[in-house]
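Peer 1: I have a structure here, written as structure tokens, and I will follow up with some questions on it.
The values are calculated or read from the model by the stated rules, or taken from the named source; none is laboratory data. Keep in mind that this is a model prediction, so the values were computed, not measured. Virtual Cβ from ideal backbone geometry, glycine too; neighbours counted across all protein chains shown. Note: areas computed on protein heavy atoms with side chains; ligands, DNA, RNA excluded. Shrake-Rupley method; radii C 1.70, N 1.55, O 1.52, S 1.80 Å.
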Amino acid sequence: MSTLVPDGPSKGTITLVHLYPREMSIYGDLGNTRALASRVRRHGYTAEVHDHHPGADFRDDAHLLLGGGGQDSGQARVEADLDVIGPALRSMARDGVPMLMICGMYQLFGRSFHTVGGQVLPGLGILDVTTRGNDKRMIGPVCLDTEFGRVVGYENHSGSTVLGDGQEPFGRVLSGQGNNGEDRTEGARSHHVIGSYLHGPLLPANPMVSDALIAVAAERATGRPFEPADLDDPLADEARGRQVRRLVG
Amino acid sequence: MLRTAAAVVAGKTARALARRRGGGSAFPGLVAERLQPRILSGALADVPGVVVVSGTNGKTTTTKMLVAVLRAHGRRVFSNPTGSNFTRGVLSEMLPDLPLRGRLEADLAVVELDEAHAMRFIAEVPPTHSLLLNVARDQLDRFAEIDHTADLLARLGAASTEGVVANVDDPYVSRAAGELATDVRWFGLHPSIADRLPEITEHDARFDDVLAAREPGPGDARLRPVDERSFHVVFPDLEVGPVTLQQRGLAAMINATAATTTARMLLGDAFDAATTAEALAKVRPPFGRGEVIDVGGRPLELVLVKNPAGFGVALGTYGSTPAATMVAINDNDADGRDVSWLYDVDFSSLRERGVAVTSGVRAYDMALRLHYDDVTTDAVEPDLDAALDAFVAAHPDEPKRIFCTYTAMMALRRTLAARHGLAHFGEDAPA
Ligand SMILES: [Zn+2]
């Protein structure tokens, strides 16, 4: 566990749990956790970050959950543990705990995964999405239109994901492939759970997404409405703005 | 036979043309290959030892060191020194030395190949030996999976007819090489510095069990450093060293240990410790690996960074000698288009001095990354030349260091060459 304490008096303690940082955090996904913890602190709250490893006790009192992408071998290593903590994750999602699941963990949060060989692997069913493995890899920079504004990142996945009826996407693709390269949707969002293929990592350059997650987590942690600090993010804004201009002009 | 001669001539001509234009190193090989598809295997048919050096980090440095040691022992060695680490690049490099009958006259060929091209090479030419350095995340947007990379190295090892030299400390390499039927020699860190292992290895998530430590057997070597530049290579029956390299840091010393272990396997009884130490001490750092340029009487170091393990080692290596720092990150194809990996590097060692300027296409992303490690950045300037000028102007009297991705380095080096008379790409600076 690591703790980040704000400079002034703390407005409360927010507990973040990173699921499987060893097995499921490739392409800098740890940066999301780092960005969230640092932003929690800048908003004047204490951030307590826990790593959840396969087989360990699960913190079902967490205020915010994060997960990343992995290789096939990494996914295989966490499946047994996901069976164990799955019921807790489902009830936390229903209860409104904010979660951000990237790439491999996004797929595992869906209904099922169909391998190239025809096997059907069940997922947690927290997001109503189905993923099919295919030979084509979708790789490259992405720009999305989301309810949080324009979001930039980098996708790298071979799975093709389709949303179920009524499942909201995380965003609409302005540049890149997104869920499947065809319907211009990217990721999925149910209640406060966001699934997305965007690495980059996603949060450092898109702090408005961090703030949306933190707002819900802060309320759950303190029982009071979120009390944000007035933050400006010149570096993130410039990094994001430049990518948006490169990708969509 | 005539076809081979024609291919050799066409290739030589293409190479002369390409060099005059300062152009690509693959083209002449392509020309020769069109006329005689089996030219590469034919060229190497009379060479008794063919050694492939592969792995994610350190190929160029290690190959250079191995070739130097073998030549110091009087062996005639062919190598591909310009970092043209793909099959046609090897062929292009060979053309000037290739007689018309198409057979290279050498005792040994030592070629540096990335994992994917090593597969194409071994399909044409079975190597006698291979040196498996390490597996780390690199350019994942192209090679996709680190597991896949490990598998390619395992296949290279399995294709080697006489022997393999492998990194005992790299979990991927050591698992792959541990299952080979071929003769394997191991190199690694001496137990006295085992605590520095995490700096240089990737976590292998594929298996639950931890590999049992491997006791050094005959012909195996361990690196025992004295300081950041001097070390001993310790075999069970003899020691090489102290060796003092021209390059600093753990990575270079591990490369030297790998080269020494391989040289001993190749040379057998002819291997001489003193000759080896002397040869290693004379090896100049390859282009972009700690190359030092004189700028207004102060040293400016160019350090190529391309993946988290490499950047981490570079920060550790250079951390002991503080310098004003610039970081230049591009995201062109040759750099890797995904900059996510910067979040897998720990930059806290730069916290005390801060970074003078970030530059390149992703200058702001780099500054943002540093901000998350509480490292201050004095200026952000995407334009490389403007950034270089600002950097030199702000720190005229200090040693300077630029960490940069591949295309940023090429651009900076061109500018520095125009202003300070550097050697051309692919050639060593004059001694
Ligand atoms: Zn991914």
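Peer 1: Could you look through region B:340-381, keep only residues that are within 11 Å of chain A (Cβ to nearest Cβ) and touching a residue at least 40 places away in the same chain (Cβ under 8 Å), and pick out the one that is nearest to B:Val313 (Cα to Cα)?
Peer 2: Restricting to residues being within 11 Å of chain A (Cβ to nearest Cβ) and touching a residue at least 40 places away in the same chain (Cβ under 8 Å), the top hit is B:Asp344.
Peer 1: Open to solvent by 20 Å² or more (accessible area, probe 1.4 Å) and away from chain B (no Cβ under 14 Å): which single residue out of A:Gly96, A:Gly117 fits that description? Give the derivation first.
Peer 2: Numbers: A:Gly96 fails: open to solvent by 20 Å² or more (accessible area, probe 1.4 Å).
Only one candidate passes the filter, namely A:Gly117.
Peer 1: Can you name the condition, by its number, that A:Arg189 falls short on among (1) within 16 Å of the ligand (Cβ to nearest atom); (2) part of a strand (DSSP E or B); (3) open to solvent by less than 60 Å² (accessible area, probe 1.4 Å)?
Peer 2: (1)
Peer 1: Consider region A:153-168. How many of its residues are within 15 Å of the ligand (Cβ to nearest atom) and closer than 28 Å to A:Gly249 by Cβ?
Peer 2: Residues in region A:153-168 being within 15 Å of the ligand (Cβ to nearest atom) and closer than 28 Å to A:Gly249 by Cβ: 7 in total.
Peer 1: Counting only residues that are assigned to a loop (DSSP other than H, G, I, E, B), closer than 16 Å to B:Thr262 by Cβ and either open to solvent by 10 Å² or more (accessible area, probe 1.4 Å) or not charged (D, E, K, R) (or both), how many does region B:170-196 have? So that I can check it myself, show each step before the final result.
Peer 2: We begin by selecting, within region B:170-196, every residue assigned to a loop (DSSP other than H, G, I, E, B); these are B:170, B:179-182, B:190.
Those left that are additionally closer than 16 Å to B:Thr262 by Cβ: B:170, B:180, B:182.
Still in the list and also either open to solvent by 10 Å² or more (accessible area, probe 1.4 Å) or not charged (D, E, K, R) (or both): B:180, B:182.
Residues that pass the stated criteria total 2.
Peer 1: Is it true that some residue in region A:130-139 is under 16 Å from the mean Cα position of the chain (by Cα), within 14 Å of another protein chain (Cβ to nearest Cβ), at pLDDT below 95 and within 16 Å of the ligand (Cβ to nearest atom)?
Peer 2: Our first condition is that a residue be under 16 Å from the mean Cα position of the chain (by Cα); within region A:130-139, this holds for none.
No; the residues of region A:130-139 include none that is under 16 Å from the mean Cα position of the chain (by Cα), within 14 Å of another protein chain (Cβ to nearest Cβ), at pLDDT below 95 and within 16 Å of the ligand (Cβ to nearest atom).
Peer 1: Let me ask something else about it. Inspect region A:104-113 for any residue being touching a strand residue (DSSP E or B) at 6+ places or on another chain (Cβ under 6 Å), open to solvent by less than 10 Å² (accessible area, probe 1.4 Å), hydrophobic (A, V, I, L, M, F, W, C) and under 26 Å from B:His148 (Cβ atoms) and give the result as yes or no.
Peer 2: Filtering region A:104-113 down to residues touching a strand residue (DSSP E or B) at 6+ places or on another chain (Cβ under 6 Å) leaves A:105-107, A:109-113.
Subsequent filtering for residues that are open to solvent by less than 10 Å² (accessible area, probe 1.4 Å) retains A:105-106, A:109-110.
Those still in the list that are hydrophobic (A, V, I, L, M, F, W, C) too: A:105, A:109.
Filter once more, so that each one left must be under 26 Å from B:His148 (Cβ atoms): A:105, A:109.
Yes.
Peer 1: Additional query: Return yes or no: is A:Gly86 at pLDDT 95 or above and open to solvent by less than 10 Å² (accessible area, probe 1.4 Å)?
Peer 2: On the way: at pLDDT 95 or above: yes; open to solvent by less than 10 Å² (accessible area, probe 1.4 Å): yes.
The answer is yes for A:Gly86.
Peer 1: Within region A:172-186, restricting attention to residues that are out of contact with any helix residue (DSSP H, G or I) (no Cβ under 8 Å at 6 or more places or on another chain) and within 16 Å of the ligand (Cβ to nearest atom), which residue is farthest from A:His63 (Cα to Cα)? Break it down into steps so the answer makes sense when it comes.
Peer 2: Quick first cut of region A:172-186, residues out of contact with any helix residue (DSSP H, G or I) (no Cβ under 8 Å at 6 or more places or on another chain) only: A:172-173, A:177-186.
Checking which are within 16 Å of the ligand (Cβ to nearest atom) leaves us with A:173, A:177-181, A:186.
Working: A:Val173: 29, A:Gln177: 32, A:Gly178: 28, A:Asn179: 27, A:Asn180: 31, A:Gly181: 33, A:Glu186: 25 Å.
Per the criteria, the residue is A:Gly181.
Results for (1) within 13 Å of chain B (Cβ to nearest Cβ); (2) at pLDDT below 95; (3) away from the ligand (no atom under 16 Å from the Cβ); (4) under 14 Å from A:Gly74 (Cα atoms), shown as yes or no for each residue.
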| position | (1), (2), (3), (4) |
| --- | --- |
| A:Val17 | no, no, yes, no |
| A:Ser25 | yes, yes, no, yes |
| A:Leu30 | yes, yes, no, no |
| A:Ala37 | yes, no, yes, no |
| A:His43 | no, no, yes, no |
| A:Thr46 | no, no, yes, no |
| A:His50 | no, no, yes, no |
| A:Asp57 | no, no, yes, no |
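Peer 1: Among the residues of region A:150-171, count how many are away from chain B (no Cβ under 14 Å) and either in a loop (DSSP other than H, G, I, E, B) or open to solvent by less than 30 Å² (accessible area, probe 1.4 Å) (or both). Even if it seems obvious, please write down each step before you answer.
Peer 2: Step one: of region A:150-171, the residues away from chain B (no Cβ under 14 Å) are A:150-151, A:160-171.
Now narrow it down to the ones that are either in a loop (DSSP other than H, G, I, E, B) or open to solvent by less than 30 Å² (accessible area, probe 1.4 Å) (or both): A:151, A:160-161, A:164-167, A:169-171.
Final tally of qualifying residues: 10.
Peer 1: Right, here's the next one. For A:Leu198, only one of the following conditions fails: (1) closer than 20 Å to A:Ala35 by Cα; (2) buried (at least 19 other Cβ atoms within 10 Å of the Cβ); (3) away from the ligand (no atom under 16 Å from the Cβ); (4) of a type in the set (A, V, I, L, M, F, W, C). What is its number?
Peer 2: It is condition (3) that A:Leu198 fails.
Peer 1: Based on what the data block shows, is B:Val135 more than 20 Å from B:Gly49 (Cα to Cα) and at pLDDT 85 or above?
Peer 2: Numbers: more than 20 Å from B:Gly49 (Cα to Cα): yes; at pLDDT 85 or above: yes.
Yes, satisfied.
Peer 1: Let me ask something else. What about A:Glu219, is it open to solvent by 50 Å² or more (accessible area, probe 1.4 Å) and within 13 Å of another protein chain (Cβ to nearest Cβ)? Explain how you work it out, then say what you get.
Peer 2: On the way: open to solvent by 50 Å² or more (accessible area, probe 1.4 Å): yes; within 13 Å of another protein chain (Cβ to nearest Cβ): no.
No, not satisfied.
Peer 1: Next question, about the same structure. Condition test on B:Val345, is it modelled with pLDDT of 90 or more, over 21 Å from B:Arg298 (Cα atoms) and open to solvent by less than 30 Å² (accessible area, probe 1.4 Å)?
Peer 2: On the way: modelled with pLDDT of 90 or more: yes; over 21 Å from B:Arg298 (Cα atoms): yes; open to solvent by less than 30 Å² (accessible area, probe 1.4 Å): yes.
When the stated conditions are applied, B:Val345 passes them.
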